[in-house]
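This report concerns only the one structure given below.
What follows draws every value from the coordinates through simple rules; no lab data is involved. Remember, predicted model here, so these are calculated numbers, not experimental data. Virtual Cβ from ideal backbone geometry, glycine too; neighbours counted across all protein chains shown.
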Amino acid sequence: MPPTSEQLARIFFDRYTESFSDLSGQCMARCYALPSVMTRADGSSYAFTDEETLLSALRWVMQDYVAQGGVAWRYEQLEVHGLGQNGMLASVTWIMLDQHAQILKQWRHSYVLVQSSDAGGASVKIVAAVYNR
């Protein structure tokens, strides 16, 4: 039996969370489809059509998190809704922790995810990442 949308989303977010430890943004970039879009808490929006632009933005995001004292991240409250045969809308609450495992901040983000096949096999990638609150 193929995995459910929720199982695929959980596997994806576990991998995505692990990618935060690579401050270069390269591991995180592998979680994004091209093209893709992102909105941030400050209301800014980004469209990524090439890997260089995506890497630059993700590197900036990670540097910003580290400047705020972030050293670890986790997600909670995963909600998943199927979108057609290969897509899903997934929302999570992100929690950013400091070096003492204290919560620095938390926020809600929603993602349009697509499952695609590439040279490495089937994978789930972000098409859109939208800041909720």
Sum up the charges of everything whose Cβ sits under 12 Å from the Cβ of Gln68, counting Lys and Arg as +1 and Asp and Glu as -1, but leave Gln68 out. -1
Tell me the angle of helix 51-67 to the major Cα principal axis of the chain, expressed in degrees between 0 and 90 and rounded to the nearest ten. 40 degrees
Note down the Stokes-Einstein diffusion coefficient of the chain in µm²/s, whole number, using a Kirkwood radius over alpha carbon pairs, 10 °C, and 1.306 mPa s. 105 µm²/s
Relative to the longest principal axis of the C-alpha atoms of the chain, give the angle of the C-alpha long axis of helix 5-19, reported between 0 and 90° and rounded to the nearest 10°. 40 degrees
